[in-house]
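Below you'll find the structure, written out as structure tokens, and then a few comments.
What follows draws every value from the coordinates through simple rules; no lab data is involved. This is a predicted model, so every value here is computed, not measured. Counting neighbours? That spans all protein chains shown, and the Cβs are built from the backbone with ideal geometry, glycine included.
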Amino acid sequence: MEIYRELAGLRAALEAARASGREVALVPTMGALHAGHIALVEAARRPGTTVVASIFVNPRQFGAGEDLSRYPRKETSDIAMLTEAGCDLLWLPPVEQMYPDGFATIVSVSGVSEGLDGAARPGHFDGVATVVAKLFNQVRPTRAFFGEKDFQQLAVVRRMVTDLDVEVEITGVPTQREDDGLALSSRNVYLSPEERQRAVALPRALGIAARAIRGGSDSAKALDDATAALTAAGFEVDYVALVDAETLSPQPTPGRRRQLLAAARLGKTRLIDNLAVDLG
Ligand code: PAF
């Protein structure tokens, strides 16, 4: 795997790949990789495709008091995992490359970015949209891969790509889970062994609520029950919401797919998860 830390080198390598007829696919990450990220690389791999992963812990998507300084950084093991997964090229930009002195542009996506995590983490999705727009311009992929665990992020990226006519096809890759159902996340390392055991309440509560709503139960009651189950397991709940899977509106359009989304804090760790209500 080739590794680039400087934009001119990255662009020259990708120009050469495109000139030889190869397609470029991008897997953007913040590192501390796990099997969820590797599933993105595997989804991106195709004959004739150069797969680029990026690792950049983007300061602009962390709010004041969030975990930027302690966010796990594992460059050596990340490189080993990407190499093993068959990633062709790694883009590892330094922060001065992404945000040089005088940097003054923010990409802000209204609507889909406003509720849920957008309300709980002001500025977060502006930071995400800005860095993803930069990564798209730097790498110029024809396909890009994002995990469905960050469901709202995926909706924000799709909206931005549509609105700004970016020529990239966005693929959402299903959430990878531990055997007990906990969604894989780089932040799971923050959980103490005891919190890790209790964390399974999050996917369980969503599963129970999704089945109840699917079965025709009152959705407000299902959301309240999920909140109560999480609180009983020791979580401090940010939200449990049922939304339109495309617009993320809390009033799903009849006939359109619905998604359950939740965010809750266990000790110092904020976990998010989501589940499709309408299957098939
Ligand atoms: O999902 C992530 O890891 C990040 O939000 C992303 C998309 C790499 C942007 O920094």
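Points to keep in mind about this one:
- Environment charge of residue 214, counting only residues whose C-beta is closer than 10 Å and scoring Lys/Arg +1, Asp/Glu -1: +1
- DSSP finds beta bridges in the chain, and of those with both partners inside it, around 45 percent are antiparallel.
- Annotation: extensible slack from residue 279 through residue 247 equals 9.7 nm (criterion: 0.36 nm per residue apart, minus Cα-Cα distance).
- Within the shell of other residues whose beta carbon sits under 15 angstrom from the beta carbon of residue 225, the net charge comes to +2, with Lys and Arg scored +1 and Asp and Glu -1.
- A helix-only calculation puts the chain at -11500 deg cm²/dmol for mean residue ellipticity at 222 nm, using -39500 (n - 2.57) for each DSSP H run of at least four residues, averaged over all residues.
- Total formal charge among the other residues, if their Cβ is under 10 angstrom from that of residue 253, Lys/Arg +1 and Asp/Glu -1: +1
- Cα gyration tensor shape of the range 137-266, rounded if a/c is under 1.5, else prolate or oblate by comparing a/b with b/c: oblate
- Taking only the Cα atoms of the range 117-191, the radius of gyration and Dmax are 13.8, 40 Å.
- Spacing of the two label points (7 Å from each Cα toward its C-beta) at residue 239 and residue 119, in nm: 0.5 nm
- In this structure, residue 18 and residue 257 have a Cβ-Cβ separation that, at R0 = 35 Å, corresponds to a calculated FRET efficiency of about 0.50.
- Estimated dipole of the chain in Debye, rounded to 20 [Cβ of Lys and Arg +1, of Asp and Glu -1, Cα centre]: 200 debye
- Taking amide H as placed 1.01 Å from N in the peptide plane, residue 238 has its amide H under 5 Å from the amide H of 263, 264, 265, each at least 5 places away in sequence or on another chain.
- Fraction of beta bridges assigned by DSSP in the range 123-280 that are antiparallel (%, nearest 5): 75 percent
- Compactness of the chain was expressed as the Cα radius of gyration divided by 2.2 N^0.38 Å, which yields 1.02.
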